[in-house]
1. Could you check region 199-230 and list, in sequence order, the residues that are in a loop (DSSP other than H, G, I, E, B), within 14 Å of the ligand (Cβ to nearest atom) and either surrounded by fewer than 22 Cβ atoms within 10 Å (Cβ to Cβ) or at pLDDT below 95 (or both)?
2. Failed condition for Asn101, given (1) surrounded by fewer than 24 Cβ atoms within 10 Å (Cβ to Cβ); (2) without any contact (Cβ under 8 Å) to a residue 24 or more places away in the chain, with all others met?
3. So in region 231-251, with the set limited to residues that are farther than 17 Å from Glu3 by Cβ and acidic (Asp, Glu), which one is surrounded by the fewest Cβ atoms within 10 Å (Cβ to Cβ)?
4. If you go through region 41-55 one residue at a time, do you hit one that is surrounded by 19 or more Cβ atoms within 10 Å (Cβ to Cβ), of a type in the set (D, E, K, R), under 21 Å from Ile96 (Cβ atoms) and under 20 Å from the mean Cα position of the chain (by Cα)?
5. What single numbered condition from (1) within 16 Å of the ligand (Cβ to nearest atom); (2) assigned to a helix (DSSP H, G or I); (3) closer than 19 Å to Asn79 by Cβ fails to hold for Glu107?
6. How many residues does region 166-184 contain that are assigned to a helix (DSSP H, G or I) and more than 9 Å from the ligand (Cβ to nearest atom)?
7. From Lys248, Lys187, grab the single residue that is within 14 Å of the ligand (Cβ to nearest atom) and in a loop (DSSP other than H, G, I, E, B).
8. Is it the case that region 259-266 has a residue that's more than 21 Å from the chain's Cα centre (by Cα), modelled with pLDDT of 95 or more and part of a helix (DSSP H, G or I)?
Amino acid sequence: MAEIIDGKKLAKKIREELKKEVIEKKLSPKLAVILVGNDEASKIYVRNKNKACEEIGIEFEEHLLSEETTMEELLDLINKLNEREDVSGILLQSPIPKHLNIKTAFETISPEKDVDGFNPINIGRLEINEPSFVSCTPYGVLKMLKEYKVEIEGKTAVVIGRSNIVGKPLIQLLLNKNATVIVTHSKTRNLEQYTKQADILVSAIGKARYIKSDMIKEGAVVIDVGINRDPKTGKVVGDVDFDEVSKKASYITPVPGGVGPMTIAMLMHNVVQAAKKN
Ligand code: NDP
(Lines give C-alpha, C1' and ligand atoms only; values in the text may rest on other atoms or scores of the structure.)
Protein backbone atom coordinates (compact mmCIF):
# COMPACT_ATOMS: atom_id res chain seq x y z
CA MET A 1 0.00 0.00 0.00
CA ALA A 2 1.38 3.38 -1.02
CA GLU A 3 2.30 6.10 1.47
CA ILE A 4 -0.03 9.06 1.09
CA ILE A 5 1.60 12.38 0.21
CA ASP A 6 -0.48 14.68 2.39
CA GLY A 7 -0.75 17.97 0.51
CA LYS A 8 -3.15 19.47 3.02
CA LYS A 9 -0.74 18.94 5.90
CA LEU A 10 2.29 20.16 3.95
CA ALA A 11 0.42 23.24 2.70
CA LYS A 12 -0.51 24.11 6.30
CA LYS A 13 3.11 23.78 7.36
CA ILE A 14 4.22 26.08 4.51
CA ARG A 15 1.57 28.68 5.43
CA GLU A 16 2.65 28.61 9.08
CA GLU A 17 6.32 29.07 8.11
CA LEU A 18 5.39 31.98 5.84
CA LYS A 19 3.36 33.63 8.60
CA LYS A 20 6.37 33.38 10.91
CA GLU A 21 8.70 34.77 8.24
CA VAL A 22 6.43 37.76 7.57
CA ILE A 23 6.45 38.67 11.27
CA GLU A 24 10.14 37.99 11.94
CA LYS A 25 11.40 39.85 8.88
CA LYS A 26 8.81 42.62 9.31
CA LEU A 27 7.66 42.21 5.70
CA SER A 28 4.63 43.99 4.25
CA PRO A 29 3.53 41.71 1.41
CA LYS A 30 0.56 42.78 -0.63
CA LEU A 31 -1.19 40.78 -3.33
CA ALA A 32 -3.30 42.64 -5.89
CA VAL A 33 -5.85 40.39 -7.57
CA ILE A 34 -7.69 41.38 -10.73
CA LEU A 35 -10.98 39.68 -11.48
CA VAL A 36 -12.72 40.56 -14.74
CA GLY A 37 -16.33 39.54 -15.28
CA ASN A 38 -18.67 37.26 -13.37
CA ASP A 39 -17.19 33.77 -13.55
CA GLU A 40 -18.58 32.04 -10.45
CA ALA A 41 -15.70 29.55 -10.04
CA SER A 42 -13.19 32.41 -10.27
CA LYS A 43 -14.97 34.25 -7.47
CA ILE A 44 -14.56 31.18 -5.24
CA TYR A 45 -10.86 30.88 -6.13
CA VAL A 46 -10.33 34.56 -5.33
CA ARG A 47 -12.16 34.18 -2.01
CA ASN A 48 -9.91 31.25 -1.09
CA LYS A 49 -6.80 33.23 -1.97
CA ASN A 50 -8.05 36.11 0.15
CA LYS A 51 -8.53 33.77 3.12
CA ALA A 52 -5.02 32.33 2.74
CA CYS A 53 -3.55 35.85 2.54
CA GLU A 54 -5.35 36.92 5.73
CA GLU A 55 -4.03 33.90 7.60
CA ILE A 56 -0.41 34.68 6.67
CA GLY A 57 -0.48 38.45 7.03
CA ILE A 58 -0.47 39.28 3.34
CA GLU A 59 -2.54 42.32 2.50
CA PHE A 60 -5.11 41.53 -0.17
CA GLU A 61 -6.33 44.10 -2.66
CA GLU A 62 -9.15 43.09 -4.96
CA HIS A 63 -9.85 44.81 -8.28
CA LEU A 64 -13.22 43.79 -9.64
CA LEU A 65 -13.68 44.82 -13.27
CA SER A 66 -16.90 44.53 -15.23
CA GLU A 67 -17.50 42.10 -18.09
CA GLU A 68 -17.35 45.10 -20.48
CA THR A 69 -13.84 46.20 -19.45
CA THR A 70 -11.68 47.15 -22.44
CA MET A 71 -8.14 45.90 -23.03
CA GLU A 72 -6.89 49.46 -22.58
CA GLU A 73 -8.51 49.70 -19.14
CA LEU A 74 -7.12 46.33 -18.08
CA LEU A 75 -3.57 47.17 -19.20
CA ASP A 76 -3.85 50.59 -17.59
CA LEU A 77 -4.68 48.96 -14.24
CA ILE A 78 -1.84 46.42 -14.57
CA ASN A 79 0.63 49.21 -15.38
CA LYS A 80 -0.49 51.21 -12.34
CA LEU A 81 -0.07 48.16 -10.10
CA ASN A 82 3.36 47.50 -11.65
CA GLU A 83 4.45 50.99 -10.62
CA ARG A 84 3.11 50.92 -7.07
CA GLU A 85 5.83 50.19 -4.51
CA ASP A 86 3.37 48.84 -1.94
CA VAL A 87 2.16 46.04 -4.27
CA SER A 88 4.40 42.96 -4.07
CA GLY A 89 2.53 40.63 -6.40
CA ILE A 90 -0.12 40.88 -9.12
CA LEU A 91 -2.47 38.09 -10.08
CA LEU A 92 -4.89 38.16 -12.98
CA GLN A 93 -7.56 35.55 -12.34
CA SER A 94 -8.32 33.50 -15.45
CA PRO A 95 -10.46 33.07 -17.43
CA ILE A 96 -11.11 36.63 -18.54
CA PRO A 97 -13.83 37.63 -21.05
CA LYS A 98 -13.11 36.46 -24.60
CA HIS A 99 -12.78 39.96 -26.12
CA LEU A 100 -9.67 40.53 -23.97
CA ASN A 101 -6.22 39.18 -24.83
CA ILE A 102 -4.95 37.25 -21.81
CA LYS A 103 -1.53 36.66 -23.35
CA THR A 104 -0.88 40.40 -23.64
CA ALA A 105 -2.22 40.92 -20.12
CA PHE A 106 0.16 38.33 -18.65
CA GLU A 107 3.04 39.83 -20.61
CA THR A 108 2.25 43.25 -19.14
CA ILE A 109 2.50 42.10 -15.52
CA SER A 110 6.01 42.99 -14.36
CA PRO A 111 8.16 39.81 -14.16
CA GLU A 112 9.17 40.91 -10.64
CA LYS A 113 5.50 40.89 -9.53
CA ASP A 114 4.37 37.93 -11.60
CA VAL A 115 3.58 35.60 -8.68
CA ASP A 116 1.73 33.16 -10.95
CA GLY A 117 4.83 32.71 -13.12
CA PHE A 118 2.90 33.23 -16.36
CA ASN A 119 4.99 36.06 -17.82
CA PRO A 120 7.18 34.74 -20.69
CA ILE A 121 10.25 36.23 -18.99
CA ASN A 122 9.72 33.97 -15.99
CA ILE A 123 8.95 31.01 -18.25
CA GLY A 124 12.24 31.68 -20.06
CA ARG A 125 14.15 31.99 -16.80
CA LEU A 126 12.81 28.61 -15.73
CA GLU A 127 13.94 27.16 -19.09
CA ILE A 128 17.53 28.22 -18.46
CA ASN A 129 17.34 27.25 -14.78
CA GLU A 130 17.64 30.77 -13.39
CA PRO A 131 15.71 32.07 -10.37
CA SER A 132 12.16 32.89 -11.42
CA PHE A 133 8.59 32.81 -10.25
CA VAL A 134 7.31 29.33 -11.04
CA SER A 135 3.70 28.50 -11.80
CA CYS A 136 2.18 27.49 -8.44
CA THR A 137 0.78 24.01 -9.21
CA PRO A 138 3.97 22.51 -10.70
CA TYR A 139 5.99 24.25 -8.00
CA GLY A 140 3.75 22.59 -5.41
CA VAL A 141 4.34 19.19 -7.02
CA LEU A 142 8.10 19.66 -6.76
CA LYS A 143 7.80 20.76 -3.13
CA MET A 144 5.83 17.60 -2.32
CA LEU A 145 8.48 15.37 -3.88
CA LYS A 146 11.15 17.19 -1.89
CA GLU A 147 9.26 16.96 1.41
CA TYR A 148 8.77 13.21 0.99
CA LYS A 149 12.43 12.81 -0.04
CA VAL A 150 11.58 11.33 -3.43
CA GLU A 151 14.79 11.17 -5.42
CA ILE A 152 14.41 12.87 -8.81
CA GLU A 153 17.92 12.81 -10.25
CA GLY A 154 18.42 9.98 -12.71
CA LYS A 155 14.81 8.83 -12.39
CA THR A 156 12.40 8.47 -15.27
CA ALA A 157 9.60 11.02 -14.83
CA VAL A 158 6.57 10.82 -17.08
CA VAL A 159 4.32 13.87 -17.31
CA ILE A 160 0.87 13.41 -18.82
CA GLY A 161 -0.39 16.78 -20.09
CA ARG A 162 1.45 19.73 -21.62
CA SER A 163 -0.56 22.79 -20.67
CA ASN A 164 1.27 26.08 -20.21
CA ILE A 165 0.30 26.32 -16.54
CA VAL A 166 0.89 22.74 -15.35
CA GLY A 167 2.51 20.26 -17.76
CA LYS A 168 5.15 22.42 -19.44
CA PRO A 169 6.61 24.10 -16.33
CA LEU A 170 6.63 20.73 -14.60
CA ILE A 171 8.59 19.14 -17.44
CA GLN A 172 11.19 21.87 -17.05
CA LEU A 173 11.32 21.66 -13.25
CA LEU A 174 11.88 17.90 -13.37
CA LEU A 175 14.50 18.29 -16.09
CA ASN A 176 16.29 20.95 -14.03
CA LYS A 177 16.41 18.36 -11.21
CA ASN A 178 18.09 15.91 -13.62
CA ALA A 179 15.20 13.53 -14.22
CA THR A 180 14.87 11.84 -17.60
CA VAL A 181 11.56 13.34 -18.65
CA ILE A 182 8.99 11.81 -20.98
CA VAL A 183 6.15 14.09 -22.06
CA THR A 184 2.81 12.66 -23.16
CA HIS A 185 -0.40 14.32 -24.38
CA SER A 186 -3.67 13.65 -26.17
CA LYS A 187 -1.93 12.67 -29.40
CA THR A 188 0.39 10.18 -27.70
CA ARG A 189 -0.12 6.68 -29.02
CA ASN A 190 -0.16 3.78 -26.60
CA LEU A 191 0.09 5.93 -23.45
CA GLU A 192 0.75 3.00 -21.14
CA GLN A 193 3.92 2.16 -23.02
CA TYR A 194 5.32 5.36 -21.46
CA THR A 195 3.50 5.46 -18.12
CA LYS A 196 4.81 1.97 -17.31
CA GLN A 197 8.37 3.32 -17.49
CA ALA A 198 7.73 6.02 -14.90
CA ASP A 199 9.52 6.06 -11.58
CA ILE A 200 7.61 9.30 -11.06
CA LEU A 201 4.29 9.69 -12.84
CA VAL A 202 2.47 13.02 -12.86
CA SER A 203 -0.98 13.18 -14.38
CA ALA A 204 -2.47 16.55 -15.37
CA ILE A 205 -5.10 15.57 -17.91
CA GLY A 206 -8.52 16.33 -16.46
CA LYS A 207 -10.15 12.91 -16.91
CA ALA A 208 -11.73 11.19 -13.94
CA ARG A 209 -9.92 7.99 -12.83
CA TYR A 210 -8.23 7.60 -16.22
CA ILE A 211 -4.96 6.15 -14.87
CA LYS A 212 -5.41 2.52 -13.86
CA SER A 213 -3.03 0.24 -11.97
CA ASP A 214 -2.10 -1.77 -15.07
CA MET A 215 -0.66 1.47 -16.54
CA ILE A 216 1.94 1.95 -13.81
CA LYS A 217 5.11 0.27 -12.64
CA GLU A 218 5.20 -1.43 -9.24
CA GLY A 219 6.52 1.09 -6.67
CA ALA A 220 6.03 4.21 -8.83
CA VAL A 221 5.51 7.62 -7.22
CA VAL A 222 2.17 8.87 -8.50
CA ILE A 223 1.20 12.54 -8.38
CA ASP A 224 -2.37 13.37 -9.36
CA VAL A 225 -2.93 16.96 -10.44
CA GLY A 226 -6.37 16.35 -11.96
CA ILE A 227 -9.52 17.80 -10.45
CA ASN A 228 -12.61 16.18 -11.93
CA ARG A 229 -16.20 15.44 -11.01
CA ASP A 230 -17.13 11.80 -10.82
CA PRO A 231 -19.95 11.58 -13.37
CA LYS A 232 -21.91 9.18 -11.14
CA THR A 233 -21.45 10.53 -7.61
CA GLY A 234 -20.61 14.16 -8.38
CA LYS A 235 -17.66 13.88 -5.98
CA VAL A 236 -14.28 15.50 -6.74
CA VAL A 237 -11.82 12.87 -7.99
CA GLY A 238 -8.42 12.93 -9.64
CA ASP A 239 -7.09 11.56 -12.93
CA VAL A 240 -5.84 8.50 -11.08
CA ASP A 241 -7.97 5.59 -9.95
CA PHE A 242 -6.79 5.98 -6.37
CA ASP A 243 -8.25 2.74 -4.96
CA GLU A 244 -6.41 0.47 -7.36
CA VAL A 245 -3.27 2.53 -8.06
CA SER A 246 -2.53 3.09 -4.35
CA LYS A 247 -2.09 -0.69 -3.98
CA LYS A 248 0.77 -0.67 -6.50
CA ALA A 249 2.45 2.73 -6.05
CA SER A 250 5.04 3.56 -3.38
CA TYR A 251 3.74 7.11 -2.87
CA ILE A 252 0.51 8.69 -4.06
CA THR A 253 -1.30 12.01 -3.71
CA PRO A 254 -5.02 11.92 -2.91
CA VAL A 255 -7.69 14.11 -4.52
CA PRO A 256 -8.87 16.16 -2.71
CA GLY A 257 -6.12 16.93 -0.21
CA GLY A 258 -3.12 16.45 -2.49
CA VAL A 259 -1.85 18.91 -5.07
CA GLY A 260 -4.83 21.29 -4.71
CA PRO A 261 -3.93 22.84 -1.33
CA MET A 262 -0.29 23.11 -2.43
CA THR A 263 -1.20 25.45 -5.28
CA ILE A 264 -2.43 28.20 -2.96
CA ALA A 265 0.43 27.61 -0.51
CA MET A 266 2.96 28.13 -3.31
CA LEU A 267 1.17 31.27 -4.45
CA MET A 268 1.54 32.62 -0.90
CA HIS A 269 5.20 31.59 -1.00
CA ASN A 270 5.70 33.52 -4.24
CA VAL A 271 4.03 36.65 -2.81
CA VAL A 272 6.29 36.60 0.25
CA GLN A 273 9.32 36.09 -2.02
CA ALA A 274 8.20 39.08 -4.09
CA ALA A 275 7.84 41.20 -0.95
CA LYS A 276 11.40 40.32 0.05
CA LYS A 277 12.77 41.27 -3.37
CA ASN A 278 10.76 44.38 -4.12
P1 NDP B 1 -5.57 21.43 -19.98
O2 NDP B 1 -6.91 20.99 -20.45
O3 NDP B 1 -5.06 22.75 -20.34
O4 NDP B 1 -4.49 20.33 -20.43
C5 NDP B 1 -4.75 18.96 -20.40
C6 NDP B 1 -3.61 18.22 -21.00
O7 NDP B 1 -3.89 16.83 -20.96
C8 NDP B 1 -3.34 18.59 -22.46
O9 NDP B 1 -1.96 18.73 -22.67
C10 NDP B 1 -3.90 17.38 -23.23
O11 NDP B 1 -3.21 17.12 -24.44
C12 NDP B 1 -3.67 16.27 -22.25
N13 NDP B 1 -4.58 15.16 -22.43
C14 NDP B 1 -5.92 15.21 -22.57
N15 NDP B 1 -6.42 13.96 -22.75
C16 NDP B 1 -5.37 13.12 -22.72
C17 NDP B 1 -5.24 11.73 -22.86
N18 NDP B 1 -6.28 10.93 -23.05
N19 NDP B 1 -4.01 11.18 -22.77
C20 NDP B 1 -2.92 11.97 -22.56
N21 NDP B 1 -2.99 13.31 -22.42
C22 NDP B 1 -4.20 13.87 -22.51
O23 NDP B 1 -5.62 21.26 -18.40
P24 NDP B 1 -4.70 21.83 -17.21
O25 NDP B 1 -3.28 21.48 -17.43
O26 NDP B 1 -5.05 23.22 -16.93
O27 NDP B 1 -5.27 20.96 -16.01
C28 NDP B 1 -5.20 19.55 -16.01
C29 NDP B 1 -5.97 19.01 -14.82
O30 NDP B 1 -5.39 19.52 -13.63
C31 NDP B 1 -7.44 19.44 -14.77
O32 NDP B 1 -8.19 18.41 -14.17
C33 NDP B 1 -7.43 20.65 -13.86
O34 NDP B 1 -8.67 20.84 -13.20
C35 NDP B 1 -6.37 20.25 -12.89
N36 NDP B 1 -5.69 21.38 -12.24
C37 NDP B 1 -5.46 21.26 -10.91
C38 NDP B 1 -4.81 22.24 -10.23
C39 NDP B 1 -4.56 22.02 -8.78
O40 NDP B 1 -4.34 22.98 -8.07
N41 NDP B 1 -4.59 20.78 -8.29
C42 NDP B 1 -4.37 23.47 -10.87
C43 NDP B 1 -4.56 23.47 -12.32
C44 NDP B 1 -5.21 22.45 -12.96
P45 NDP B 1 -3.16 18.16 -25.69
O46 NDP B 1 -2.15 19.17 -25.32
O47 NDP B 1 -2.74 17.30 -26.83
O48 NDP B 1 -4.54 18.71 -25.81
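The values are calculated or read from the model by the stated rules, or taken from the named source; none is laboratory data. The structure displayed is predicted, hence computed values, not measured ones. A quick note on method: Cβ atoms are made from the backbone with ideal geometry, for glycine too, and the neighbour counts reach across all protein chains shown.
1. Kept after step one, since they are in a loop (DSSP other than H, G, I, E, B), are these residues of region 199-230: 199, 204-210, 212, 216-220, 225-227, 230.
Still in the running and within 14 Å of the ligand (Cβ to nearest atom): 204-210, 212, 225-227, 230.
Of everything in region 199-230, those that are in a loop (DSSP other than H, G, I, E, B), within 14 Å of the ligand (Cβ to nearest atom) and either surrounded by fewer than 22 Cβ atoms within 10 Å (Cβ to Cβ) or at pLDDT below 95 (or both) turn out to be Gly206, Lys207, Ala208, Arg209, Tyr210, Lys212, Ile227, Asp230.
2. Failing condition for Asn101: (2).
3. Selected residue: Asp241.
4. Yes, the conditions are met somewhere in region 41-55.
5. (1)
6. 8
7. On the way: Lys248 fails: within 14 Å of the ligand (Cβ to nearest atom).
Exactly one of Lys248, Lys187 is within 14 Å of the ligand (Cβ to nearest atom) and in a loop (DSSP other than H, G, I, E, B), namely Lys187.
8. Of all residues in region 259-266, those more than 21 Å from the chain's Cα centre (by Cα) come to none.
Within region 259-266, not a single residue is more than 21 Å from the chain's Cα centre (by Cα), modelled with pLDDT of 95 or more and part of a helix (DSSP H, G or I).
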